[in-house]
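The values are calculated or read from the model by the stated rules, or taken from the named source; none is laboratory data. What you see is a predicted model; the values in this text were computed from it and never measured. Here the Cβ is made from the backbone with ideal geometry for all residues, glycine too, and neighbour counts use every protein chain on show. Surface areas here come from the heavy atoms of the whole protein model, side chains and all, with no ligands, DNA or RNA. Shrake-Rupley method; radii C 1.70, N 1.55, O 1.52, S 1.80 Å.
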Number of protein chains: 2
Amino acid sequence: MTTDHIGHFPFLVEPFSEDFTGRLSWRFLGNHLLRCASLHAGTHGFGYSQMQEAHHAWVLSRLVIELDEAPRTGDAYVIDTWVSRIYRQFTDRLFAITDGQGRIFGHASSIWALIDIDSRQPLDLSAMENGGFSEAVCERTVPIAAPGRVRVKSEQPERCLQARYSDLDINGHVNSIRYIEMVLDLFPPTLLAEHPARRIEMSYCAETYAGEELQLFHDAEPSGRHSVEIRKIDGQVVVKAAIELS
Amino acid sequence: MTTDHIGHFPFLVEPFSEDFTGRLSWRFLGNHLLRCASLHAGTHGFGYSQMQEAHHAWVLSRLVIELDEAPRTGDAYVIDTWVSRIYRQFTDRLFAITDGQGRIFGHASSIWALIDIDSRQPLDLSAMENGGFSEAVCERTVPIAAPGRVRVKSEQPERCLQARYSDLDINGHVNSIRYIEMVLDLFPPTLLAEHPARRIEMSYCAETYAGEELQLFHDAEPSGRHSVEIRKIDGQVVVKAAIELS
């Protein structure tokens with residue numbers, strides 16, 4: 001189903017897809033957002049397999065998710081997604097998460113680059129043959145702030161972990177959404193039960209492979225905002241995250 | 001769809017539900033098995049919510065999964081499930097995982113107890129009012145061995161971890177399938193790529209709550225079988241597992 005280049009993907013919160021609060025888990029929601037992005041790109045001719053033929057691959061650079069309220073077990077929800085902008089080496093993809101009948105659960109925004117698989121260099125998306133993907137652009141916006149800048153001052157890791165089998169996705173590196181769980185795992189569940197995450201901002205800087213050690217650095221700011229950096233042992237930043245609890 | 005008290009649940013291996021080998025992940029498969037169990041029980045009058053009304057709850061005691069071959073991205077698969085036996089405090093539930101057209105991906109068996117929520121004591125399932133669930137029993141079998149006995153001799157934990165937000169399910173304790181991932185996380189992914197797990201046997205002995213520390217003890221037996229015990233700091237055994245790699 002596609003109207004005005006907006007993809008509509010209906011889901012149900014199935015048992016065993018909730019977190020301990022009984023609401024759709026960030027893991028399920030996050031992976032469904034990525035899946036909808038992939039399906040929508042596929043129907044417009046620039047999905048994973050089409051890009052692979054041209055030796056290109058989409059790389060997620062930023063992801064912001066804001067949830068006013070996560071759906072509960074048995075609730076129906078719809079993910080709308082569309083490409084809102086193409087500019088040089090990046091394209092913005094937006095998401096609306098609703099009950100399909102006017103109730104808004106939340107929104108998300110993402111920034112992607114298209115890289116050449118061989119050179120690992122990003123392509124200029126605004127200068128592609130035949131206008132590239134510009135026909136897919138839809139100007140609908142979402143009412144969430146753009147990602148900000150994350151700086152973590154703490155030099156003492158709050159947690160160290162090793163990337164393992166269950167962290168990896170089909171590409172052999174740590175799944176983008178798994179990092180959201182790693183960040184949320186820094187908080188005691190009792191805190192998250194009373195103050196669920198309202199906004200999660202992820203900036204993806206590097207890939208992590210199986211066996212690599214990761215260190216999580218965490219600043220709790222007076223504003224209630226939490227900043228997290230996930231770094232490799234040699235200091236390379238893998239992920240920067242900002243979390244706002246409700 | 002139900003025939004002869006067998007529930008048939010069709011699925012598709014969706015993108016982001018695979019592990020790094022490109023096959024349906026144990027996490028997805030495992031949670032789908034539990035979900036099918038729950039749906040099937042619900043249609044027969046002994047599901048989660050029906051039992052809750054009577055202050056009863058199903059508790060998973062054993063789970064064995066054997067996979068000849070896991071389906072890949074885009075593959076359709078069907079989970080058949082039925083109750084095969086009711087005896088005293090336990091009931092056996094079996095599963096067949098096929099492509100719905102004769103190709104067998106694997107099988108699973110599980111043992112459940114029904115406890116009284118207040119007393120935490122198991123009920124005698126063979127002595128329930130009106131025959132209990134005996135009408136649902138179907139004698140179809142599965143060609144996998146019953147779970148064996150797991151003994152781990154190693155006294156040196158191979159890994160220690162703390163139960164965190166992302167490990168918990170809606171009940172507030174570590175998800176049964178998450179323990180399978182904890183066990184598989186003991187193996188280097190390079191090993192699992194060449195020798196994927198063929199049989200996983202889980203025996204659930206106690207619940208783990210957020211913040212509790214777990215220690216994983218692991219014996220590699222000369223037969224190629226791996227035995228794992230997950231224990232709390234005080235020595236209480238939470239899970240016993242036996243893994244056979246292919």
Scan B:137, B:228, B:183, B:150 and give me the residue that is in contact with a helix residue (DSSP H, G or I) (Cβ under 7 Å, 6 or more places away or on another chain) and either more than 10 Å from every other protein chain (Cβ to nearest Cβ) or among the aliphatic types (A, V, I, L, M) (or both). B:228
Scanning region A:153-174 residue by residue, those part of a loop (DSSP other than H, G, I, E, B), within 14 Å of chain B (Cβ to nearest Cβ) and closer than 26 Å to residue A:66 by Cβ turn out to be A:158, A:169
Identify all residues within region A:32-76 that are at pLDDT 90 or above, among the hydrophobic types (A, V, I, L, M, F, W, C) and within 17 Å of residue A:86 (Cα to Cα); write none if there are none. A:37, A:41, A:57, A:58, A:59, A:60, A:63
So residue B:192 clears everything in (1) within 20 Å of the chain's Cα centre (by Cα); (2) more than 7 Å from chain A (Cβ to nearest Cβ); (3) outside any strand (DSSP E or B) except one condition, right? Which one? (2)
Residue B:177 vs (1) farther than 21 Å from residue B:78 by Cβ; (2) within 10 Å of chain A (Cβ to nearest Cβ): all pass except (1)
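Given the options A:147, A:122, A:143, A:157, name the one that is in contact with an Asp or Glu (Cβ under 6 Å, 6 or more places away or on another chain) and more than 20 Å from residue A:32 (Cβ to Cβ). First the steps, then the outcome.
On the way: A:122 fails: in contact with an Asp or Glu (Cβ under 6 Å, 6 or more places away or on another chain); A:143 fails: in contact with an Asp or Glu (Cβ under 6 Å, 6 or more places away or on another chain); A:157 fails: in contact with an Asp or Glu (Cβ under 6 Å, 6 or more places away or on another chain).
Checking each option against the conditions leaves just A:147.
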Filter region A:36-70 for residues that are within 12 Å of another protein chain (Cβ to nearest Cβ) and among the hydroxyl-bearing types (Ser, Thr, Tyr); which is nearest to the chain's Cα centre (by Cα)? A:38
Looking at residue B:123, is it within 29 Å of residue B:243 (Cβ to Cβ) and hydrophobic (A, V, I, L, M, F, W, C)? no
Within region B:138-152, does at least one residue satisfy the condition of being touching a residue at least 60 places away in the same chain (Cβ under 8 Å), surrounded by 21 or more Cβ atoms within 10 Å (Cβ to Cβ) and within 26 Å of residue B:178 (Cβ to Cβ)? no
Among the numbered criteria (1) open to solvent by less than 30 Å² (accessible area, probe 1.4 Å); (2) touching a residue at least 40 places away in the same chain (Cβ under 8 Å), which one does residue A:166 miss? (2)
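Surrounded by fewer than 19 Cβ atoms within 10 Å (Cβ to Cβ) and modelled with pLDDT under 95: does that describe residue B:158? Working first, answer last.
On the way: surrounded by fewer than 19 Cβ atoms within 10 Å (Cβ to Cβ): yes; modelled with pLDDT under 95: no.
So residue B:158 does not fit the description; no.
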Which pairs have Cβ atoms under 7 Å, sit 6 or more apart or on different chains, and link a residue in region B:30-55 that is over 26 Å from residue B:98 (Cα atoms) and aliphatic (A, V, I, L, M) to one that is open to solvent by 30 Å² or more (accessible area, probe 1.4 Å) and not in a helix (DSSP H, G or I)? B:51/B:58
Between residues in region A:103-126 that are at pLDDT 95 or above and residues that are among the charged types (D, E, K, R) and buried (at least 17 other Cβ atoms within 10 Å of the Cβ), which pairs lie under 6 Å by C-beta distance while being six or more apart or on different chains? A:106/A:66; A:107/A:66; A:110/A:93; A:111/A:62; A:111/A:92
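Here is a list: A:14, A:18. Which entry is over 17 Å from residue A:181 (Cα atoms), within 12 Å of chain B (Cβ to nearest Cβ) and of a type in the set (Asp, Glu)? Give the steps one after another, and end with the answer.
On the way: A:18 fails: over 17 Å from residue A:181 (Cα atoms).
Selected residue: A:14, the only one of A:14, A:18 that is over 17 Å from residue A:181 (Cα atoms), within 12 Å of chain B (Cβ to nearest Cβ) and of a type in the set (Asp, Glu).
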How many of the residues making up region A:161-172 are out of contact with any helix residue (DSSP H, G or I) (no Cβ under 7 Å at 6 or more places or on another chain), under 30 Å from residue A:49 (Cβ atoms) and modelled with pLDDT of 95 or more? 2
Sort out which residues of region B:215-246 are modelled with pLDDT under 95 and part of a loop (DSSP other than H, G, I, E, B), and write them in order of number. B:221, B:222, B:223, B:224, B:246
Restricting the search to region B:232-246, which residues are open to solvent by less than 40 Å² (accessible area, probe 1.4 Å) and in contact (Cβ under 8 Å) with a residue 40 or more places away in the chain? B:238, B:239, B:241, B:242, B:243, B:245
In region B:196-214, anything more than 19 Å from residue B:145 (Cβ to Cβ) and either in a loop (DSSP other than H, G, I, E, B) or open to solvent by 30 Å² or more (accessible area, probe 1.4 Å) (or both) is listed as B:205, B:206, B:207, B:208, B:209, B:210, B:211, B:212, B:213
Can we say residue A:30 is assigned to a helix (DSSP H, G or I) and over 29 Å from residue A:131 (Cα atoms)? yes
Are there any pairs, at least 6 apart or on different chains, whose C-beta atoms fall under 9 Å, with the first in region B:187-213 and under 26 Å from residue A:209 (Cα atoms) and the second aromatic (Phe, Trp, Tyr) and part of a loop (DSSP other than H, G, I, E, B), and if so, which? B:189/B:20; B:192/B:20; B:193/B:20; B:195/B:187; B:197/B:187
